[in-house]
Amino acid sequence: MKTVLVMGASSGIGLAATRLALSRGYGVVAFSRSASEISITHDNLRKMPGDARVEGDVQRALEGVDAVVQALGVRADLRMVTGPVDLFSVATRVLVPAMQASGVKRLIAVTGFGAGRSKVAIGPLQRLGFEIVFGRAYRDKDLQEQLIVESDLDWTIARPGVLTNGLAERNYKALKEPADWRNGIISRANVADFLINQLESEAYLRAAPVLVR
């Protein structure tokens, strides 16, 4: 049985990925500052409270795991617009060398449509509003992606569009080619489906597809 470390496991995509991985027979280390509050109980689940920005916490979480799903998030409030956002890059600066030191090669990370090279696919009318609301967070996601891409890990980056709380209908698209990139909606459950599928697949190895319906 493979064991996956899910970072950001207490809510959103991370929680959906935790549930799905358990349902498919994986062992899961659910890592989050509020991991102890996760309501799931399962024989193959280990809840590990910790801070993704703290090296010692991350090193402990990596013990005995085969792959990492990095599904970090920040609260969508005024601080995301007005304050500094550095969680994604700081946590990735900690995670990458910790994975290298632990011999864990497979990293599946979530950023978002508009991060990295996918920014070019945002239309000019959308760009101003995107920059005002999400600019600080996505500049940090840009750096997160850069750190991952420049590493020697076996990485996949998922860039979901606008997230919803819909079901895992598996009717989504993973747009690998830049010419196909576009914004759209996708449920967190479908994003989780893509992430967990990558544990047994190399179809998107060292690729950063945009995920939409």
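Summary of values
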| quantity | calculated |
| --- | --- |
| Loop-resident sites, the range 97-175, for trypsin sites (Lys or Arg not before Pro), counting at most 15 other Cβ within 10 Å (DSSP) | LYS105, ARG170 |
| Cα-based reach from LYS176 at 28 Å (exclusive), listing lysines while leaving out same-chain residues under 8 positions away | LYS2, LYS105, LYS119, LYS141 |
| Dimensionless Rg over Rh [the chain; C-alpha; Kirkwood] | 0.94 |
| Dipole magnitude of the chain about its Cα centre (Cβ charges: Lys, Arg +1; Asp, Glu -1), debye to nearest 20 | 460 |
| Whole-number percent relative contact order across the chain, with pairs defined as alpha carbons under 8 Å at least 6 apart | 20 |
| Loop-resident sites, the range 1-96, for GluC sites (Glu not before Pro), counting at most 13 other Cβ within 10 Å (DSSP) | GLU63 |
| Dimensions (Å) - the range 1-123, Cα atoms, principal axes, largest first | 45, 32, 27 |
| 13 Å beta-carbon shell around ILE185, net charge (K/R +1, D/E -1) | +3 |
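Each reported figure results from applying straightforward, stated rules to the coordinates on display, with no laboratory input. Predicted model only: the values in this text are computed from it and were never measured. We place every Cβ from the backbone using ideal geometry, glycine too, and count neighbours over all the protein chains shown.
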